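Okay, so here's the structure we're looking at.
The values are calculated or read from the model by the stated rules, or taken from the named source; none is laboratory data. Computed from a predicted structure; not experimentally measured. Positions of Cβ are generated from backbone atoms using ideal geometry, with glycine treated the same way; all protein chains shown enter the neighbour counts. Note: accessible area is taken over every heavy atom of the protein model, side chains too, but ligands, DNA and RNA are not part of it. Shrake-Rupley method; radii C 1.70, N 1.55, O 1.52, S 1.80 Å.
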Amino acid sequence: MTLKLRNVAHWTAPGVLIAALLIAGPRSAAGVEGQAAVRAKALPACGPGGASTHGPTAPAGPDTPGACRANGPILESTLRLTQPVQAGFTPAGYHHLGANTSGEWDGVSGRISVVNGSVRSRSYDFVASRFMVKRDLGGGDIAWLEAGWAETGWAGVGSPHVYTFNTNTKTWQFYNQYDIKSGDRLWVDIHSDTDGVWGAWLWWNNRWNLLTAQKLPIGSSAYVEQYVEVHVDDGHPTRVDVPPVTVDNVQLKSADGGGQRFWRADVPTVTGTGPGEQQRTGGFCLDWINPYDTWTAGDCDDGGGGLLITRPAAPSGEAEVVGPSATPTGPAATGPTPVSPATAAPTTSSPTDPAVPASPSAAPTPATTPTPAGRRPGLLGHLLG
């Protein structure tokens, strides 16, 4: 999937990134809340707790013993995404490595290690590793939900965060109640319920924590991705180091009711290379340990580590990538989460109500305002996720 980035953030004053909130309560793509979302809202709030001491003991879901919902604070920041554009060229600034299924599944789960990359403070740099479910709706419209961890230059540099992104809200949602750090390994699950509600779950404190539930217009099955991604602020090229990220125990939930199975080589898979071959881009490498349920990605180990982002001449006729400006160019929107029935002010937060996100405290304020490097395609597929 390829998307062009139009306006990364909603700027209201120099050096201040405001998470604009327009929370109107849970709603489905058709305007009707599904029963799965109702059950999700009824879950108890997740209490304080640390990283899990063992792996999941039961499938994720609202009926699993101990299941709870994320309790905040949840920070939100916006990305203005426009229509997908033609693929075929990787722009300076964005690299992604991983795999896509070529068929549909009801969900995906697995374990992802957390690392610290050399992300710069107060920039639009980020490193992320995540799972995603998606569908091309036609006419340039793509719907998706993703979940994993991200380290960004605008939401606490040096501090990875659990996050989700979905096309209902079109916002990054950072779940700061989960104090993750480099070296942690996170179990993440995304799957659909019976009425087409897709939930993103995190195994934390030895119980399944619901991050978000979204009624997406993609049905009860979708295409699946697993990726590690790096984005470097286009306006300030640099070398970004990414320690090896390990993804393992990746399983797919069958669309025909056949339960879960490991994502192995017999699953029709698209990687952009030959089956099981190493992927390489800009000093960033992926090695399949056991295609496709166990792999690592990060700096190449042949002396070419780090991502040195340059400004190549953009191909003619490609779509424009519009960078952030000091003046807002459009409204920033947030939307439904499983527990967001309220409308909130954009600069407040509540430790008990995830409907009230707070503004990120480390706002990106580059030395000079980033500007687009001419016309180039926006291969920000799932950006940013």
Going by what's in this entry, would G272 be described as modelled with pLDDT under 95, exposed (fewer than 15 other Cβ atoms within 10 Å of the Cβ) and not in a strand (DSSP E or B)? yes
For the condition modelled with pLDDT of 95 or more and in contact with a Cys (Cβ under 6 Å, 6 or more places away or on another chain), what is the one hit in N209, N205? N209
For residues that are surrounded by fewer than 22 Cβ atoms within 10 Å (Cβ to Cβ) and at pLDDT below 95, tally how many sit in the stretch 109-122. 5
Quick check on the stretch 86-108. Is at least one of its residues of a type in the set (F, W, Y), open to solvent by less than 40 Å² (accessible area, probe 1.4 Å), modelled with pLDDT of 95 or more and touching a Ser or Thr at 6+ places or on another chain (Cβ under 7 Å)? yes
Being open to solvent by less than 60 Å² (accessible area, probe 1.4 Å) and under 21 Å from G148 (Cα atoms) is the filter here; which residues of the stretch 237-253 pass it? V240, V242, P243, V245, T246, V247, D248, N249, V250, Q251, L252
Could you check the stretch 157-197 and list, in sequence order, the residues that are surrounded by 24 or more Cβ atoms within 10 Å (Cβ to Cβ) and of a type in the set (F, W, Y)? Y163, F165, W172, F174, Y175
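Return a yes/no flag: does the stretch 144-156 have any residue that is of a type outside the set (K, R) and open to solvent by 10 Å² or more (accessible area, probe 1.4 Å).
Among the residues of the stretch 144-156, at least one is of a type outside the set (K, R) and open to solvent by 10 Å² or more (accessible area, probe 1.4 Å), which makes the answer yes.
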